[in-house]
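So the structure is just underneath, and the comments pick up after that.
The values are calculated or read from the model by the stated rules, or taken from the named source; none is laboratory data. This is a predicted model, so every value here is computed, not measured. The area values use the complete protein model at the heavy-atom level, side chains included, leaving out ligands, DNA and RNA. Shrake-Rupley method; radii C 1.70, N 1.55, O 1.52, S 1.80 Å.
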Protein chains: 2
Amino acid sequence: MSTSEAGEEAAAAQPVRRLRRAERREQILDAATRAFARAGYAATGLDDIAAEAALTRAMLYRHFESKADLYRAVLDRACLRLAETTGADDFDDAAIPALLRAASADPDGFRLLFRYAAREPDFRELIDSITAASREVGRRNLARVIPEGPWLDWAANLIPGFTLEAVIAWLDAGRPDPEHAAERIAAAVHGVMAAAQP
Amino acid sequence: MSTSEAGEEAAAAQPVRRLRRAERREQILDAATRAFARAGYAATGLDDIAAEAALTRAMLYRHFESKADLYRAVLDRACLRLAETTGADDFDDAAIPALLRAASADPDGFRLLFRYAAREPDFRELIDSITAASREVGRRNLARVIPEGPWLDWAANLIPGFTLEAVIAWLDAGRPDPEHAAERIAAAVHGVMAAAQP
DNA sequence: CCACTTGTAGAACCCGAAGTATACATATAG
DNA sequence: CTATATGTATACTTCGGGTTCTACAAGTGG
């Protein structure tokens, strides 16, 4: 007890890693992304997030106004990263490698955006800028090979979500041969498109 | 005001349609299925359900122990109907027409089961009997055309969910030509399978 | 006509989780 | 060395929504 007052107990626990504000904010966003990606907004408590970040709840409030504010920041960053990695894609076949890159770069954010946020009424707006554009462009591309009608609607509704699910399934499968993964997923998408043709 | 004390106000409102217990229970389950199918368990309040059923909250508690109990009853009935309509399917191509029949017969229940309940940790168990079996059988069928490896995992993870999404998209598209819808969806599934082959 | 069931209306209670407050500890820049 | 930013710990308040309770109204079968 002479040299250090910190070591009162047997376990002298690491002396608390401190970060500067901006870095801590990022670290919290990382942790929150992981936590939210497990169960979505409603089912994830602030305690879960604090535990994931190895912090107390109080610290969360020093960086974010509220749970909703934190969630928005998480989604915003995930959207931003996605946009940066893919680069304003056209949602044709050329977009698939970009999606694979984006999903690899930020798997938790990717899953969160498309497995959960897409179905949460209060926050769907935040990613609508992405999904709306992709649906629109996707539909235009489809219209070149599928005649107007219910089966075009069917394909246009189905394919964007399917493409994203295929990418997530690729993540879940351990990201096998990244060289040709895009080709396979594109082939799968074409298979679905073919089924919608007359 | 002479013949009827009920008509105190201008609008004599229909004299409250009464049902016997069992029928009312079914009617509540119908309404709750619709309400839950819009936003899932957490985001749906008892007030929403009561409004949908055109009843007061108190009545809900005369028929169900709790919100969770009601939800379980809703899911159970939807599972039961599904099982009855499809009849212990094998989740090969022969199952697709059965799924279309089931989705047509109970669209709200179908959507609820596979769009929401499948992602709700607390209740997933209730439909796991279905999804687990379908995944298992589906994987065995896939293993006949795809060699063991990550792409088999990929397809096995992706296809069951995709099939269900394809059925829901068909509902959303207005159920076009039911005669050949199963063929188209089967073709789409085959297209995905083909993409997983070497 | 009576008893019973089905129904309304709404206040009150309760609990978990979000959000707030205060006191204290200590790395680290300057 | 000291000031300050970063952090812990914990108790407290607030709030929404599920749950309970009480009081009353009225259709229906025996």
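Brief remarks follow.
- Per residue accessible area of the stretch A:156-198, 1.4 Å probe, in Å²: 36
- The stretch B:100-198 - Rg over Rh from alpha carbon coordinates, Kirkwood radius: 0.99
- Shown for chain B is the translational diffusion coefficient from the Stokes-Einstein equation, using the Kirkwood radius over Cα pairs, a temperature of 20 °C and a viscosity of 1.002 mPa s: 113 µm²/s.
- When both the stretch A:18-88 and the stretch A:160-198 are represented by their alpha-carbon centers, they are found 29 Å apart.
- Think of it as helices only: each DSSP H run of n ≥ 4 in chain A is worth -39500 (n - 2.57), and spread over all residues that comes to -22000 deg cm²/dmol at 222 nm.
- Max mean-square fluctuation residue, GNM over chain B, Cα-Cα springs under 10 Å, options B:L70, B:L80, B:L164: B:L80
- Cα-based shape type of the stretch A:85-132, given that a ≥ b ≥ c are square roots of the gyration tensor eigenvalues and the cut on a/c is 1.5: oblate
- Taking the inverse of the mean reciprocal distance over all distinct Cα pairs, the Kirkwood hydrodynamic radius of the protein assembly as shown comes to 23.8 Å.
- Considering only B:L112, B:L142, B:L75, the mean-square fluctuation computed in a Gaussian network model of chain B, springs between alpha carbons under 10 angstrom, is largest for B:L142.
- For chain A, a Gaussian network of Cα nodes joined below 10 Å ranks A:A35, A:A50, A:A22 by mean-square fluctuation, and the top entry is A:A22.
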